[in-house]
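Where a number appears in this text, it was derived from the coordinates with a stated rule and is not lab data. This structure is a prediction, so every number in the text was calculated from the model and none was measured. Glycine also receives a Cβ, built like all others from the backbone with ideal geometry; neighbour counts cover every protein chain displayed.
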Amino acid sequence: MAELKRYDPNTYATAQDVFDRLFDRSLFGPGLFGNAAPTQPARGFPSNLWETDEAYVLELAIPGAHPDNVEMTLSKGSLIIKGSYERNETRPGNRIWRQLPEGDFEIAYTLPSAVYADEARVSWSNGIFTVHLPKEEKAKSKRLKINVGK
């Protein structure tokens with residue numbers, strides 16, 4: 001179980017802390033040498049992707065981004081997401097740290113197979129974008145009938 005520590009901006013991470021984070025994130029995480037599928041993309045936004053017989057469905061959390069400031073495009077087997085965060089930095093006092101995202105962003109997700117771009121749809125609720133990407137016929141799985149006999 002992780003230990004909760006109070007943030008002190010005047011302290012530095014120990015070498016042990018730095019190496020622990022390095023090894024936890026890169027060397028021993030899921031997907032090392034292809035031994036397991038990663039639970040989320042190495043970069044980007046927290047997301048879930050699942051496949052049905054008919055479509056791929058992507059749930060994507062982009063905290064603080066409003067749908068009016070996000071553009072999604074399907075192009076050459078990729079879903080390209082561009083947008084911007086609008087922040088009002090007129091707060092009184094001295095800022096101690098900044099972790100909330102701001103400015104423009106762009107990321108591309110490679111799709112597992114071909115989809116019908118004209119039938120794709122996106123919904124947004126509580127900061128979660130849900131992208132429904134119907135598979136092209138050639139990408140759909142088909143159960144084969146096994147003929148028994150001579």
With a ≥ b ≥ c from the Cα gyration tensor eigenvalues, square-rooted, and the rule rounded for a/c under 1.5, otherwise prolate when a/b > b/c and oblate otherwise, the stretch 73-150 is prolate
By Cβ neighbour count within 10 Å, fewest first, I62, I107 rank I107, I62
hull vol. (C-alpha, convex hull) per residue for the stretch 41-106, Å³ -> 110 Å³
Put in order of increasing Cβ neighbours within 10 Å, starting from the fewest, I128, I96 give I96, I128
Placing each pseudo-label 7 Å from Cα in the direction of the beta carbon, I80 and R143 end up separated by a distance in nanometres of 4.0 nm
Length gained, E59-T90, 0.36 nm per residue minus C-alpha separation, equals 7.9 nm
Any chymotrypsin sites (Phe, Trp or Tyr not before Pro) in the stretch 65-150 that lie in a DSSP loop and have at most 11 other Cβ atoms within 10 Å would be W97
Output for the stretch 36-136: GluC sites (Glu not before Pro) sitting in coil per DSSP, at most 15 other Cβ within 10 Å, listed by number, reads E54, E86, E89, E102, E136
